[in-house]
Amino acid sequence: MEENRAIYEALVKFNEKEVKRLVNKVKEEGGPLEDVMNQLQDALIEIGNRFEREECFVPDLIYSGVIMKEAVAILDPMSSYKSGASKGKVVLGTVYGDVHDIGKDLVAMLLANSGFEVIDLGTNVEPAKFVSAIKESGAKVVGLSCLLTISFKAIADTVKAIKEAGIRKSVSIMAGGAPVTELVVEKTGCDYYGKDAVSGVKFALSVYEK
Amino acid sequence: MAEDMDKLYSERLKRYITANRNEKPDRVPIRPFAAEFTSKYAGFTSQEVTHDFEKAFEAVRKCAKDFSWDATVVNMIYVWSGLVDHFGQKYYKIPGIELDPNVGFQYFEPADEEGAFMKEDEYDELIDSPTEFLTNVWMPRISNNIVAPGQPNTYRNNMAWLKGGLSLMAYGGAIGGANEKLKSECGTVSCISGPIKAPFDILADKLRGFRQVSLDVYRQPDKVQKACEALMPYLYMNAKVASDPSKQVPVSVWLHRGTMFSKDMYERFFWPTLKEIIIKLWKEDGIQTIWYAEGNWDKWLKYTAQLPEKSIIYHSDKGDIFEVHKQVGEKFAISGGIPNDLLAFGTPQEVREYCKKVIQTVGKDGGYLMDASAIIQSDAKIENMRAMTEATLEYGIY
């Protein structure tokens, strides 16, 4: 049992070389790839939990995501991350007028690592683009990201556009980024304040588990 | 300068300096860090003030007059598109060009190693000679016009250095004139000199990029540390040479990524070189620093508390300003703490009440300067900015 958790242990300790060595070993020996994936996923969940307890930090999320990507590339160089059945679709983007993407990319990475299909619209996204992406994908969750206080208006405009398109009831809207607060979420008509990337993933999970 | 304006300026300068030194002035000074709010109020688009710095200065003067600001930044919309264009800088997105005309300029950070302005194997070059690295390697990468030494020269390259240099002189000279006008027309103090960043933030923001440096702190921590140490003397000198010769107006350090790291990483990469700069500026040069704590820096308060008394003015953004006051209020003046979401969505009465509470707790013994938490952009309501001024004039008198 202990041996089987070695990849998990190496990843939660951010030991990149050891993760790669162990994954290569399993591959060479023809071992169970599913078990490798489970260990990697469990490790990312644990790192997310530690992040919530302030025992891990943003660079740890970024670094573990990169190690995960490298490990998956060893297992299956031809494809990006595969996690079996999708947990659901999430539309994500930085709102119009704002070109910052670090927070949004981090949420996208964590969502993908948690088994979601992410429709990443990029930055400076016009409200109409969010609306058509939600319609086309049928996503039940949309995440609005921003870094600037001037983006409050764009968040409100996006929510308004979603309402006007008649799809407000079918989609849950979360907003996050440095200037966002509970008050901003309330006043702009969103459903959830994603105070950090991990809480955004938990919100998406809660919507799809309903 | 008219005599009454001269008198007003002298009163405000004294108020500002006294509060900065954590002492009790006649009244809480109003010292907003206001960016796109000024252009909105003055009736300019963000595009106009970014392309024409005289309009940006004019917008600040209009606000300084109408809102009775004691001190403010002469132009918080500090990126001038002329300079960006002449050097061919890639990392700024400009309103009216890449952005909507009504949103402010933004810094665009490369997302991956391929786009990084400094590559993962170039630490030694930077550490050996920051000036050579920045000039010969970094500049050609961040510019559409500049070519690296050893590459075929171009007309565009020659013109970029020439026009870029002339633009720097033009903009720098204009800021001097704008400071004077702020003084003579509004009686308002230009509140900062010598803006710098922490060495780690220069590395994370402008050289490697945050995503890349997040890997470097694991993969090559010794080099990250040495790079911060190598950049330190340059940043100290940047602050010193651009500081107020009379040492009345503080320099400023715009803290950025420090809150995102663990205690061990903060202790190793961020804090030592930053601490040294601040202490040197204070002890050797008698220069105060505005500690602009962007985000929530409460978890690092015990480190900040180690700095010499009066060496900084602690600006609180998303931290708990009452907690900041409890922990470091004895040693340093404090500014900010009026939530930006309140300025954007609250009522004037709510803003007044919040300002009153901050004045009567954080500012009760002096050493407090009225300002919003984060830089004030166009989302702030005009009536709420007015309420901030009125509350300070009403409750802030000692």
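Bear in mind these aren't lab numbers, they're just calculated from the coordinates by the rules spelled out. Since the structure is predicted, the reported quantities are computational estimates derived from the model, not experimental observations. When we count neighbours, we look across all protein chains shown, and the Cβ atoms used for this are built from the backbone with ideal geometry, even at glycine.
Out of segment B:45-124, which GluC sites (Glu not before Pro) are coil in DSSP terms and have no more than 12 other C-beta atoms within 10 Å?
Values: sites: B:Glu48, B:Glu54, B:Glu58, B:Glu98, B:Glu113, B:Glu114, B:Glu120, B:Glu122; in loops: B:Glu98, B:Glu113, B:Glu114, B:Glu120, B:Glu122.
For GluC sites (Glu not before Pro) across segment B:45-124 that sit outside H, G, I, E and B with at most 12 neighbouring Cβ atoms in 10 Å, the list reads B:Glu114.
Multiplying the sequence separation of B:Arg219 and B:Lys65 by 0.36 nm and subtracting their Cα-Cα distance, what value in nm do you get? Don't skip to the end; give the middle numbers.
Values: separation 154, 0.36 × 154 = 55.44 nm, distance 5.25 nm.
Here the segment from B:Arg219 to B:Lys65 would lengthen by 50.2 nm.
Given charges of +1 on the Cβ of Lys and Arg and -1 on the Cβ of Asp and Glu, with all other atoms neutral, how large is the dipole of segment B:69-227 about its Cα centre, in debye to the nearest 20?
Values: 15 positive and 21 negative charges, 80 e Å.
Here segment B:69-227 has a charge dipole of around 380 debye.
About its Cα centre, the dipole of segment A:95-210 is roughly 380 debye, where the only charges are +1 on Lys and Arg Cβ and -1 on Asp and Glu Cβ. Straight Cα distances below 17 angstrom link A:Lys210 to the aspartates and glutamates A:Asp191, with same-chain residues fewer than 8 positions distant left out.
The eigenvalues of the Cα gyration tensor, multiplied by 5 and square-rooted, give segment B:195-334 an equivalent ellipsoid with semi-axes of 24, 19, 12 Å from largest to smallest. Only aspartates and glutamates eight or more places from B:Lys326 in sequence, or on another chain, were considered; those with a Cα closer than 20 Å are B:Glu23, B:Glu294, B:Asp298, B:Glu309, B:Asp317, B:Asp365, B:Asp371.
Sorting A:Lys169, B:Lys280 from the fewest to the most surrounding beta carbons within 10 angstrom yields A:Lys169, B:Lys280. With the simple spin-label model, which puts each label point 7 Å out from Cα in the Cβ direction, the B:Asp365 to B:Ala2 separation comes to 4.0 nm.
If you take all other residues with their beta carbon under 12 Å from the beta carbon of B:His256, and give Lys and Arg +1 and Asp and Glu -1, the sum is -2.
Only Lys, Arg, Asp and Glu carry charge here, each on its Cβ (+1 for the first two, -1 for the last two); on that basis the protein assembly as shown has a dipole of about 960 debye about its Cα centre.
Note on segment B:42-190: Kirkwood radius taken over Cα pairs, Stokes-Einstein applied at 20 °C and 1.002 mPa s, translational D equal to 124 µm² s⁻¹. Against chain A, whose longest principal axis is taken from its Cα atoms, helix A:33-52 shows a tilt of about 50°. Restricting attention to segment B:42-190, the count of lysine pairs at 8 or more positions apart or across chains with alpha carbons under 15 Å apart stands at 5.
Within chain B, helices built from complete DSSP H runs that reach 15 Å or longer along their own axis (Cα positions) and carry a mean Kyte-Doolittle hydropathy of -1.0 or higher are B:53-66, B:155-181, B:221-241, B:271-283, B:382-395. Axis angle, to the nearest 10 degrees, between helix A:151-164 and the longest C-alpha principal axis of chain A: 80 degrees.
Listing B:Asp128, B:Asp317, B:Asp52 from fewest to most neighbouring C-beta atoms within 10 Å gives B:Asp128, B:Asp52, B:Asp317. Summary value for chain A: 17 percent relative contact order, contacts being C-alpha pairs under 8 angstrom separated by 6+ residues. Given R0 = 30 Å, the distance between the Cβ atoms of B:Leu393 and B:Ala242 translates into a calculated FRET efficiency of 0.40.
Counts of other chain beta carbons within 10 angstrom of each beta carbon in peptide A:59-66 average 6. Each residue in A:Arg53, B:Arg257 was given a count of other beta-carbon atoms within 10 angstrom of its own, and listing them fewest first yields A:Arg53, B:Arg257.
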